[in-house]
Amino acid sequence: MPADSGSSSGRVAVGIDIGGTKISVGLVDSSGHLISHRTGPTDSASGPSSVEKRLCRMIDGLCDGADLPVEKLVGIGVGGPGPLDPANGVFQNPYTLPGLERWAVTDFLQTHYRVPAILENDADMAALGEAARCGSGAGGTDGPLLMLTIGTGIGGAVILNGAILRGSHGEHPEFGLIPVLEDGPSCYSGVRGSLESWTSGSALSRFANESGLSGPAELFSSKSEEVLRFMDRVALAWKRGIQCYLHTFHPGTIILGGGVMDHQYEWYRLRTVEAIEESALISPQKVSIHKALLGNTAGMCGAALRVLHSIH
C-alpha cells in the first residue's frame with residue numbers, strides 16, 4: 001500500500017522488517033521517504049524456502065506497483081529479532097522465529113537480486129528509522145539517542161553520531177534483560193526480575209490473565225489493591241531500568257515505541273520523567289522524551305537507510 005502520493009527520487013532500497021508474526025517490506029528512497037509497503041504473515045515454521053518465496057513476491061510486487069525495475073534497486077536491508085549474526089547475515093532465534101534459526105537471509109537476497117544485503121537487529125533498525133529525517137529523532141541531539149520498544153518483549157538501541165552501538169564482537173545489547181527487581185518471573189534468558197519480565201506487553205498480559213481481567217488495558221484503570229500493588233512494582237522496575245540507561249549512556253533523546261505505546265505512552269512517559277527527576281546526576285532539561293512517530297514502518301525505513309548509507 002502506498003505511504004503517500006509522493007514519488008521517489010534518487011536511489012531506492014528495500015527495507016524488510018521480519019517479526020514473529022508478520023513481515024513488512026517497503027521501498028525507501030535516500031531521503032528516508034517510504035514510497036510503498038506491504039505486509040504479510042511470517043509463518044516461520046514453514047521454513048526458509050517458503051519465506052523466501054513470500055519475500056520475493058512482496059518485493060517484486062512493490063517494484064511493479066512503483067513502476068521500478070528490480071534491477072534499479074541498490075540494496076536490501078533486513079531487520080529481525082535477535083539473537084542473530086549480522087556479520088554473516090544469519091538468523092539465530094529459535095524463540096521468536098522457530099524454523100528460521102539458521103536462515104542465511106542475506107546470502108539468498110544477494111544471490112537472487114544481485115545487490116548488497118544487510119541483516120541487523122530490528123530494534124537497531126527502528127532506531128535508525130526514527131533518528132533519520134523521517135522520524136522522532138529528526139533535528140539531531142547533543143548526545144546518544146536511546147530508543148526503547150515496548151511490545152511482546154523489551155527491545156532497545158543506542159545511536160551515536162549516526163552509528164549503532166555494538167558489543168565487542170558486534171553483538172546487540174539486550175536492553176530488556178537487565179535485572180531491575182530481585183523478585184519476579186524469569187525470562188527466557190534465565191534472568192530473574194528483568195525489565196522485560198516486569199514491564200513488557202507479555203508481562204502485563206500474564207498478570208491481567210492471572211487477575212481475571214479482560215486484558216492489560218484494565219491494569220492501568222483498575223482500583224483493585226492487588227492490581228495497584230503490581231503496577232507500583234511495574235513502575236519501580238521501569239524507573240530502575242531507565243535510571244540504568246541514563247547513567248550508562250547519558251542520552252540526549254529517549255524515544256518510546258512498540259505496540260504497548262499505542263495506548264499507554266503517557267503512563268510510560270510519566271514514569272520516565274520520574275526516573276530522570278529522581279536521578280541526582282541527570283539534568284531533566286538535557287533529556288527529551290518522544291513517542292515514536294513511524295510506528296510499524298520504522299524498521300523498514302531504518303533497514304533501507306542502513307543499506308543505503310553503506311553504499312558509496
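The values are calculated or read from the model by the stated rules, or taken from the named source; none is laboratory data. Bear in mind the structure is a predicted one, so any value in this text is a computation, not a measurement. FYI the Cβ positions are ideal-geometry reconstructions off the backbone, even for glycines, and counts take in every protein chain you see.
Determine whether region 230-242 contains at least one residue that is touching a residue at least 60 places away in the same chain (Cβ under 8 Å), of a type in the set (D, E, K, R) and within 27 Å of Ser30 (Cβ to Cβ).
Within region 230-242, the subset touching a residue at least 60 places away in the same chain (Cβ under 8 Å) is 240-241.
Cutting the leftovers down to of a type in the set (D, E, K, R) gives us 240.
Now narrow it down to the ones that are within 27 Å of Ser30 (Cβ to Cβ): none.
No, that holds for no residue.
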Exercise. Only one of (1) closer than 26 Å to Gly156 by Cβ; (2) surrounded by fewer than 21 Cβ atoms within 10 Å (Cβ to Cβ); (3) charged (D, E, K, R); (4) touching a residue at least 24 places away in the same chain (Cβ under 8 Å) fails for Lys72. Which number is that?
Worked result: (1)
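Is one or more of the residues making up region 184-195 of a type outside the set (D, E, K, R) and assigned to a helix (DSSP H, G or I)? Give the derivation first.
Residues of region 184-195 of a type outside the set (D, E, K, R): 184-191, 193-195.
Filter once more, keeping what is assigned to a helix (DSSP H, G or I): 195.
Yes, the conditions are met somewhere in region 184-195.
Among the residues of region 196-213, how many are among the hydroxyl-bearing types (Ser, Thr, Tyr) and either part of a loop (DSSP other than H, G, I, E, B) or touching a residue at least 40 places away in the same chain (Cβ under 8 Å) (or both)?
Going through region 196-213 one residue at a time, the tally reaches 4.
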Exercise. Yes or no: Gly99 within 24 Å of Gly295 (Cα to Cα) and either more than 21 Å from the chain's Cα centre (by Cα) or assigned to a loop (DSSP other than H, G, I, E, B) (or both)?
Worked result: no
Exercise. Can you find even one residue in region 67-82 that is at pLDDT below 95, part of a loop (DSSP other than H, G, I, E, B), in the same structural domain as Cys301 (by TED's automatic domain parsing) and not acidic (Asp, Glu)?
Worked result: yes
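Considering each of Val158, Val227 in turn, give the residue that is assigned by TED's automatic domain parsing to the domain that holds Tyr245 and either in a loop (DSSP other than H, G, I, E, B) or touching a strand residue (DSSP E or B) at 6+ places or on another chain (Cβ under 7 Å) (or both).
Details: Val227 fails: either in a loop (DSSP other than H, G, I, E, B) or touching a strand residue (DSSP E or B) at 6+ places or on another chain (Cβ under 7 Å) (or both).
Step by step, each of Val158, Val227 is checked, and only Val158 is assigned by TED's automatic domain parsing to the domain that holds Tyr245 and either in a loop (DSSP other than H, G, I, E, B) or touching a strand residue (DSSP E or B) at 6+ places or on another chain (Cβ under 7 Å) (or both).
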Exercise. Take the residues of region 30-64 that are free of Cβ contacts under 8 Å to residues at least 60 places away in the same chain and farther than 24 Å from Phe91 by Cβ: which is surrounded by the fewest Cβ atoms within 10 Å (Cβ to Cβ)?
Worked result: Asp64
Problem set entry | Residue match in region 261-268 (condition: free of Cβ contacts under 8 Å to residues at least 40 places away in the same chain, more than 15 Å from Ala123 (Cα to Cα) and over 17 Å from the mean Cα position of the chain (by Cα)) | yes
Seminar exercise, completed: Conditions (1) buried (at least 22 other Cβ atoms within 10 Å of the Cβ); (2) over 16 Å from Pro116 (Cβ atoms) -> Leu97 fails only (1)
For this session: With the condition kept exactly as written, say whether any residue in region 82-90 is out of contact with any Leu (no Cβ under 6 Å at 6 or more places or on another chain), under 21 Å from Ser189 (Cα atoms), buried (at least 18 other Cβ atoms within 10 Å of the Cβ) and among the charged types (D, E, K, R).
Result: no
Exercise. If you check Ala126 against the conditions, is it small (Gly, Ala, Ser), over 10 Å from Ile18 (Cβ atoms) and either buried (at least 17 other Cβ atoms within 10 Å of the Cβ) or under 17 Å from the mean Cα position of the chain (by Cα) (or both)?
Worked result: yes
Exercise. Is it the case that some residue within region 171-178 is at pLDDT below 85 and either assigned to a loop (DSSP other than H, G, I, E, B) or surrounded by fewer than 24 Cβ atoms within 10 Å (Cβ to Cβ) (or both)?
Worked result: yes
